[in-house]
Structures are given as structure tokens and as C-alpha cells.
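Encoded as C-alpha cells, the structure appears first; notes follow it.
The values are calculated or read from the model by the stated rules, or taken from the named source; none is laboratory data. Worth saying up front: this structure is predicted, and the values here are computed from it rather than measured. Cβ coordinates were reconstructed from backbone atoms using ideal geometry, including for glycine residues, and neighbour counts include every protein chain displayed. For accessibility, only protein heavy atoms count, side chains too; no ligands or nucleic acids. Shrake-Rupley method; radii C 1.70, N 1.55, O 1.52, S 1.80 Å.
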Amino acid sequence: MINALKGMKDTLEPENRIYNYVISTCERIARNFGFEYIETPILEETTLFKRSVGESSDIVGKEMYRFTDKGGNDVCMRPEGTAGVVRAFIQHKMDRAAQPKRYFYHGPMYRYERPQKGRLRQFHQFGIESFGFSDMREDATIIIILKEIFDALGIEASLKLNSLGCPSCMPSYRENLVSFLDKTEGLCIDCLRRKETNPIRVLDCKNPNCQSLLVNAPRITDNLCLTCKDDFASLQKLLNEAKIDFEIDKSLVRGLDYYSKTAFEFVSDAIGAQSAIAGGGRYDRLVEFLDGKPTPGVGFAMGIERLLELVKAPEEERNGIYFGVMESSANTIAFKSTIKLRKIVKVALEYEPKSLKAHLKGADKHNALWCACIGQEELNENSVWLKNLATKEELKLPIETFEGGTWLITD
Ligand code: HAM
């Protein structure tokens, strides 16, 4: 037997129904905030992620599904959505058009991680990216969007917030941090590598020994330039005004290199160790890094699989018709009528002759509104017996009336 690859899964009902409910809720809210749908390819040039997510990140360094295609191109399956959206933004000359531009997207992402509960190798994200505003009101707005999505889905999550500074305050902070790290003995091998490639990433190390060694490490929020300090303060004020609770997490650095200033994560303590259900931040230099006209950007992505555990989709109302026969000779009529009826309503046709009781059970299992049945009596009369499973009303209709479907229209 061939199984799905490790860390990848098939999804069936009812999970798919909840998935669609989550996506349609996110989409409705994103559209209310003026975001438009964008779709980018799953396969991109590897260079795109090296230059955006960053070679020092675990995502690019260790986790990419990367291969050479038949044309000799170095390609990989997208590990996240932002880089592709930024590439498309530049490729379609949106960086040269009037700003702002706001997009949302959803779909599969691929990371070769060690699978565990809440951590997959193929997972799905819903994300938004907003271009053209450096004002903190846009950062506040995207956090408000996430909060509205969580409220609509009945999810409780807490917000962790940090500022990662900008090119004017980051270099001197990095120097401070490196000199602290140089004096610190006992860091893990990963941290020693991070110290050389992207020292700020050391703060994110999950190793408990490193965490204890880093308690007194300098923090970027204590080293921000005046502009970053003001921006961080005004973001906090906007969130307070919007009544969104948050906690400043000075160790929050995010696993992707493109951020500056705002960085945030929403976490839930109801789903186990992989508690981050959404993350995002500002990336004011990314468009420029990818050869576009300098344009500020800010966005987020949420992990749909992690949300599914927390969401209860509303019960689906009874709908459509379940159609069964009690005599096999009725199958010809039932089959023909169903072809006509399916142009206007959902019909589940059961070929196997069964008792009325069994068909009523079947209709209930299909969550059908109507159970339709043809037995010997109906065959003789050229009619169909019907029961409305919500109102319990029973009736008989001539077959032509039944398959015409007008009886389904109520005022
Ligand atoms: P990220 O934090 O890497 O950010 O991923 C966003 C969310 O995707 C996470 O909070 C988590 O819920 C989910 N996720 C990540 N990895 C996995 C996995 N292996 N299995 C299941 N779920 C996972 C980004 O991807 C950025 N592009 C977000 C962004 C958009 N920043 C600005 N704009």
C-alpha cells in the first residue's frame, strides 16, 4: 500500500467543510478591509527565498523542498507566501503604480521540518500583504484584521509584539549583541553558527540552556532609534485604542530575515507545543531587495491546520433530496428524473432497492431536507412519495411535477 508522504495528509469531510468555512470567513473580512485575491505559483526560483526569507534562516538553510528541474533551473516549493507575492508585485509593475496595494492569498506551503502535532511538511496558510504605507496605522490594521478573524471564528489567542528596529538602529544593536555573545560560553552549535550569520536569531533559540545564558542579553527594544521608538509607541497606542491586548516579547525575532520594525505572533495555549497560529510584521526593505522600487510592506500569515483544531463550523442546515427506490424496476424512472432535478438541486440517488424505513435513515444520514421514494404503488400511479425531514410533512407528486422542481419553490 502506498501512503501519503510523512508530514503530508489527505483531508476529507468534515475537516474540509471547516477548512472552507475558515477560508471564507478570512476572505470576507479581508475584502471588507479592501484586500484583493492574489495567487502565485507553488514553484519558484530558489534565489527568491534566499534573497527574502534569508540564507541564515532555518527555513532556507534546512527546510526547503529544493530540486533542479528538467531545464536545469534551481527551484523550490514555496515555504511561505510573502516572497512570491512581493515577486509578483514587482513583476507586474505594481511597485510603479499608485499605492497602496493590498492582497490576500491562501494555499499550501512546504517546509521539510520534523513532523509533529501541529507541524506538517505540507500545510496551508491564509495571508495578507499590504504595500505602500509606512504609517503604523497599517500595522495596527492588519493586527485588527487578525483579531476580527479570530473573533468571527470563536478563537481565543494572545498577541506577542516586538520591534526589530531599522537599518539605522539595527547595526549598532547587532554589535552590542555580538560582543555579549562573544563573552558568553556554552551556547549550542546552532547559536554559534547564528552568531556568524544573523546574531539576532540567537535570541529565538529554543534550547533551555541557551535561553538561560541569554537572560541578560541586550534587547533591540532597548536600543531603538528615535523613529523606531516613536513608531513602536504609536502602534501600542493604536492597539490600546482598539482594545486589543498584547504582551511585549523582547525575544520575538521571527524565523524570517525580511522583517524590520513591527514583528508579532498570535499564540494559543489550547493546541500544544506548536502554539503560534499566526505571525507577521513589517518588511519595508523587501521590495527593494528583490529589485523593485522601494515600497514599504506589512502583512501576516496564519496556519490553517493549527486553527482547525480550535474552530467549530456552524451546523449545516438540511438541504437537497435523497432519492431511493423500493423496487429495482423503479430505477429507470429515478435515474432519468435525477438528471433533470440535479440542474436545480442537490440529489443523492440510492440505486439499491430498500425498505422505506431504510431510505428514511439514509436521507437522515445525508442530511437531506427531502426523502423521495418510489415503491410499487408509486410505480403504478407514476408518482413519487416525499417526506420533508424538517417539518415531517408527507406528500405525493406526479413524476413530471417532481422532476420539474417547481414544488421546491416556497414563498
Ligand atoms: P511564519 O510565522 O513562518 O510566517 O508562518 C505563519 C504561520 O504558519 C505560523 O504562525 C503557523 O501557524 C503556520 N506554520 C508555519 N510552519 C508550519 C508547519 N510546519 N506546519 C503547520 N503550520 C505551520 C510566514 O510564513 C510569513 N510569510 C508571514 C508574513 C506575511 N509576514 C509578513 N507577511
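Cross-link check: pairs Lys6/Lys365; Lys50/Lys183; Lys9/Lys147; Lys117/Lys312 evaluated at a Cα-Cα cut-off of 25 Å; pairs beyond the cut-off: Lys6/Lys365; Lys50/Lys183; Lys9/Lys147. For the pair Met1 and Glu39, the difference between a 0.36 nm per residue extended length and the Cα-Cα distance amounts to 10.2 nm.
When N is the residue count of the chain, what does its C-alpha Rg come to as a fraction of 2.2 N^0.38 Å?
Cα-based Rg divided by the globular estimate yields 1.29.
Per residue, the solvent-accessible area of the chain (1.4 Å probe, heavy atoms of protein chains only, all protein chains present) comes to 51 Å². I need the calculated FRET efficiency for the pair Thr332 and Arg17, taking r as the beta carbon distance and R₀ as 30 Å, to the nearest 0.05. It comes out at approximately 0.35. Using a Gaussian network model of the chain in which every pair of alpha carbons under 10 angstrom is joined by a spring, one finds that among Gly81, Gly272, Gly132 the greatest mean-square fluctuation is at Gly272.
Report, in deg cm²/dmol and to the nearest 500, the calculated mean residue ellipticity at 222 nm for the chain, where each DSSP H run with n ≥ 4 adds -39500 (n - 2.57) and the sum is divided by the residue count. Value at 222 nm, helices only: -10000 deg cm²/dmol. Kindly state, to the nearest 0.05, the FRET efficiency for Ile339 paired with Lys117, given R0 = 45 Å and r defined as their beta-carbon distance. So, using R0 = 45 Å, E works out to roughly 0.45. Compared with the dominant Cα axis of the chain, that is its longest principal axis, helix 226-241 is turned about 30°. For Asn73 and Gln376, the difference between the fully extended length at 0.36 nm per residue and the C-alpha to C-alpha distance is 102.4 nm.
How much length is gained if the chain between Glu288 and Lys357 is pulled fully straight, taking 0.36 nm per residue apart and subtracting their Cα-Cα distance, in nm to one decimal? Intermediate results must be reported in sequence, preceding the final value.
Working: separation 69, 0.36 × 69 = 24.84 nm, distance 6.84 nm.
In short, 18.0 nm is gained.
A simple spin-label model places pseudo-atoms 7 Å from Cα toward Cβ; at Arg318 and Ser275 they are separated by 4.5 nm.
Expressed as a whole percent, the accessible surface of region 321-408 that belongs to carbon and sulfur atoms is 55, based on a 1.4 Å probe. Summing charges over all other residues whose Cβ lies under 12 Å from the Cβ of Tyr112, with Lys and Arg as +1 and Asp and Glu as -1, gives +4.
Would you mind getting me the FRET efficiency between Arg137 and Val178? Use the beta-carbon distance for r and R0 = 51 Å, nearest 0.05. Intermediate values should be presented prior to the final figure.
Numbers: r = 35 Å, r/R0 = 0.68.
About 0.90, to the nearest 0.05.
Among Thr332, Thr11, Thr295, which one shows the highest mean-square fluctuation when the chain is modelled as a Gaussian network with alpha-carbon springs under 10 Å? Most flexible of the set in this elastic network: Thr332. Using the Kirkwood formula on the Cα atoms of region 321-408, what hydrodynamic radius do you get, in angstrom to one decimal? It is 12.5 Å.
The modelled label-to-label distance between Thr47 and Asp151, using points 7 Å beyond Cα along the C-beta direction, is 4.5 nm. Taking region 291-312 and a reference point 7 angstrom along Cα→Cβ of Thr227, no backbone N atom is nearer than 11 Å. Using a probe of 1.4 Å on the protein chains alone, the accessible area found for Glu113 is around 40 Å². For Thr295, the residues whose modelled amide H falls within less than 5 Å of its own, excluding neighbours fewer than 5 places apart on the same chain, are Val287, Glu288. The trypsin sites (Lys or Arg not before Pro) of region 347-411 that meet both conditions, a loop assignment by DSSP and at most 11 other Cβ atoms within 10 Å of the site Cβ, are Lys392.
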